[in-house]
Amino acid sequence: MTGLQTWLTGGPRPVWLRYLLLIAAASGIIRFALGTPWMRESAVLYVLIPYLIGIAIYLFTPVAKSDRFLARLWRNLRTALIVMMATSLLLFEGFLCVLVFLPIYVFFALLAALIYPGPTARDRSWRDKTRMSVIPVLVVILSMDGIRGMDISFGPDRDVLVSRTATLELTPAEIRSNIIGHTYPEAGRTRFLALFPRPVAVEAQSLAVGARHTAHMEYRRWGVPGLNVHKGTSIMEFTHNTETELRAQFIHDDTYLSHYMLFQSWALEMTPRADGQTDVTLTVGYERLLAPAWYFGPLQKRAVGDGLDYALHAIIGGAA
């Protein structure tokens with residue numbers, strides 16, 4: 001690899017041309033992966049491709065002036081961030097996608113600097129050789145997570161149920177009324193939940209079986225109105241209605257969230273108490289569409305859980 005690295009880091013000139021080539025190659029590979037379902041929904045996109053980008057950075061960018069480990073690590077980190085930000089702009093990705101993807105991308109992109117010896121190292125120790133042999137194999141294995149038909153997963157199942165319970169100073173009738181006439185206030189959202197845009201409008205006139213509630217979503221990918229905006233709707237239809245229990249299923253979703261998760265079911269259970277309060281349990285079922293499971297599973301479950309807490313206290317219990 002040393003000879004190949006010497007050849008690559010010797011040209012092309014000027015140096016900025018190498019960065020353009022890296023950005024172009026990364027954009028092309030990621031665009032292809034996003035357009036290929038089995039790659040988009042597996043860890044190939046979020047594990048293997050960042051690792052390959054890190055290898056390219058290690059080989060193709062100028063050698064750090066200092067051969068010290070931290071100098072090499074900083075060079076790879078800086079270049080990896082440049083490639084990621086430029087690629088995100090070229091692919092019109094939004095800030096939310098970048099924030100969620102950033103930690104796992106940086107980790108695997110930096111593996112090259114972590115496992116390979118410095119460019120001036122003449123003799124590789126057995127530890128260097130072991131790392132260079134074992135870690136790429138582990139990366140390939142981790143990349144298989146989520147490939148449909150292979151039944152390989154290193155984390156939670158794709159189908160997930162998340163529930164939250166709260167005691168509200170409302171009667172079941174008042175709770176039902178809040179569901180019909182609800183809004184999405186800014187207050188009450190956690191810092192993590194605040195990263196996700198709220199619905200801009202809601203259509204909800206009835207809770208009868210067969211009634212549909214529609215949420216209109218607008219995701220400003222770059223935070224600027226009218227520029228790189230994704231608009232979509234999420235529709236759920238009620239399938240069960242009693243005084244203390246409501247159930248619905250999602251029948252349509254083309255919002256920005258549909259690229260990451262597929263919402264399936266919604267349920268609300270109310271248990272009146274003797275003191276006039278009501279114990280309310282809200283449950284949402286969804287299918288996780290991203291892998292690896294060990295990374296995106298907890299993130300999505302946290303986001304949905306925060307959303308349910310927000311719904312219970314700020315929307316359903318808004319009048320409490």
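Derivation of every value follows stated rules applied to the coordinates shown; laboratory data play no part. Remember, predicted model here, so these are calculated numbers, not experimental data. All Cβ positions, glycine included, derive from the backbone under ideal geometry; neighbour counts span all protein chains shown.
So here's what we get for this one:
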read-out: Per-q log10 I(q)/I(0), segment 159-316, q = 0.13, 0.16, 0.18 Å⁻¹ (Debye; single scatterer per alpha-carbon; no solvent); value: -0.63, -0.96, -1.21
read-out: Correct option for mean projected area of the Cα convex hull in nm² [calculated from the coordinates] among (1) 14.7; (2) 19.8; (3) 16.0; value: (2)
read-out: The chain: relative contact order as a whole-number percent, Cα under 8 Å and 6+ apart; value: 19 percent
read-out: Kyte-Doolittle at least 1.0, axis length at least 18 Å by Cα - qualifying DSSP helices, the chain; value: 15-34, 69-90, 95-109
read-out: Helix-only [θ]222 nm of the chain, DSSP H runs n ≥ 4, -39500 (n - 2.57) each, per residue, nearest 500; value: -13000 deg cm²/dmol
read-out: Dipole magnitude (debye, nearest 20) for the chain, charges at Cβ of Lys, Arg, Asp, Glu; value: 2080 debye
read-out: Projected-area average for segment 95-246 over all orientations - Cα convex hull basis, square nanometres; value: 15.6 nm²
